[in-house]
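**Student:** One structure is given below, represented as structure tokens, and several questions about it will come after.
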Amino acid sequence: MDPNSVKSTLSNLAFGNVMAAAARDYKKELLAQEMAQSSTSVNQEVDLDELMDDPELEKLHADRIAALKKEAEKREALKRQGHGEYREISEGDFLGEVTGSEKVICHFYHKEFYRCKIMDKHLKALAPKHLDTKFIKLDAENAPFFVTKLAVKTLPCVIIFRKGIAVDRLVGFQDLGGKDDFATRTLEVVLIKKGVISEKKNDEDDEDDGYDESRRKTVRSSANHDSDSD
């Protein structure tokens, strides 16, 4: 037998054995990785199941659901009392309205006065944002008894009630910078300071408030720039 041929055959066999061993090692490594991933997935599932069964987490979830339900019921009850919108009432409804809610804002107005219309616009914008407070308006001409009883002499006059008692008021725009083009946010801040509404988070100030410049010029050019007298 040719010695060179034998040597070549042995060399080929040795190389084949090395490749076979390498292939086996590679398969073992892939299998190990698959098993490790499978084990991690099982552990994650077990941990999640344990978390979902955690009595403290279940209690927190139940408490949150109960709080949301209670808040929703409160909102519905307030809406049934007339909260959440700016409404006009009659003199006959006045006592029931101001005594039926803890916090009430009532605007005594005159339908022909520009500044009353400005106040209307801002109160209408605030009413849906402050559900805890009732926002109403009363035509001063049609409510002579309460105009006299509450000493309403200058319009617009916004009277603040707490538990049916008049505790504060805004007369004209003297607390709002004395100008017709104040922002809704300006009125909101004043009412917050007076304690009749609460600060809302993440509110954006509305500097224009939907009142166009032409209307502002009309208001400024009117004969009476001060509050109107009743």
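Taken together, the values in this text are just the output of simple stated rules run on the coordinates, not laboratory data. Treat the numbers as computed from the prediction; the structure is a model and nothing was measured. A quick note on method: Cβ atoms are made from the backbone with ideal geometry, for glycine too, and the neighbour counts reach across all protein chains shown.
**Student:** Going toward the positive end of the dipole of the range 83-194, with +1 on Lys and Arg Cβ and -1 on Asp and Glu Cβ, which of 182, 128, 105 do you reach last?
**Tutor:** So the residue furthest toward the plus end is 182.
**Student:** Further question: What GluC sites (Glu not before Pro) in the range 145-204 are in a loop by DSSP, with at most 16 other Cβ atoms within 10 Å of the Cβ?
**Tutor:** Values: sites: 188, 199, 204; in loops: 199, 204.
Hits after loop and neighbour filter: 199, 204.
**Student:** DSSP loop (so not H, G, I, E, B), at most 10 other Cβ within 10 Å: list which GluC sites (Glu not before Pro) in the range 73-175 pass both filters.
**Tutor:** On the way: sites: 73, 76, 85, 88, 91, 97, 102, 112, 141; in loops: 85, 102, 112.
Sparse-neighbourhood loop GluC sites (Glu not before Pro): 112.
**Student:** Next question, about the same structure. In nanometres, what is the gap between the two model label sites at residue 166 and residue 199, each 7 Å from Cα along Cα-to-Cβ?
**Tutor:** According to this spin-label approximation, the distance is 3.1 nm.
**Student:** Quick one: Kirkwood hydrodynamic radius for the range 58-115, alpha-carbon pairs, angstrom, one decimal? Before the final figure, lay out each step's value.
**Tutor:** Values: mean 1/r = 0.0700 Å⁻¹.
About 14.3 Å, per the Kirkwood formula over Cα pairs.
**Student:** Taking amide H positions as placed 1.01 Å from N in the peptide plane, with prolines and chain starts having none, which residues 5 or more places from residue 167, or on another chain, fall under 5 Å of its amide H?
**Tutor:** 160, 161, 162
**Student:** If you don't mind, there's one more thing I want to ask. Taking 24 Å as the cut-off for C-alpha to C-alpha distance, list the pairs among 74/200; 69/121; 124/194; 111/163; 79/200 that go past it.
**Tutor:** Values: 74/200 17 Å; 69/121 32 Å; 124/194 18 Å; 111/163 28 Å; 79/200 19 Å.
Where the Cα-Cα span goes over 24 Å, the pairs concerned are 69/121; 111/163.
**Student:** Report, in cubic angstrom per residue, the convex hull volume of the C-alpha atoms of the range 83-194.
**Tutor:** 89
**Student:** Now, a different point. Which distance in nm do the two modelled labels at residue 65 and residue 145 give, with both placed 7 Å along the Cα-to-Cβ direction?
**Tutor:** 5.1
**Student:** Based on Cβ point charges of +1 for Lys and Arg and -1 for Asp and Glu, what charge dipole magnitude is obtained for the range 63-198 about its Cα centre, in debye rounded to the nearest 20? Provide the component values of the computation, followed by the final result.
**Tutor:** Numbers: 26 positive and 20 negative charges, 77 e Å.
About 360 debye.
**Student:** Distance in nm between label sites at residue 25 and residue 95, each 7 Å beyond Cα in the beta-carbon direction?
**Tutor:** 10.0
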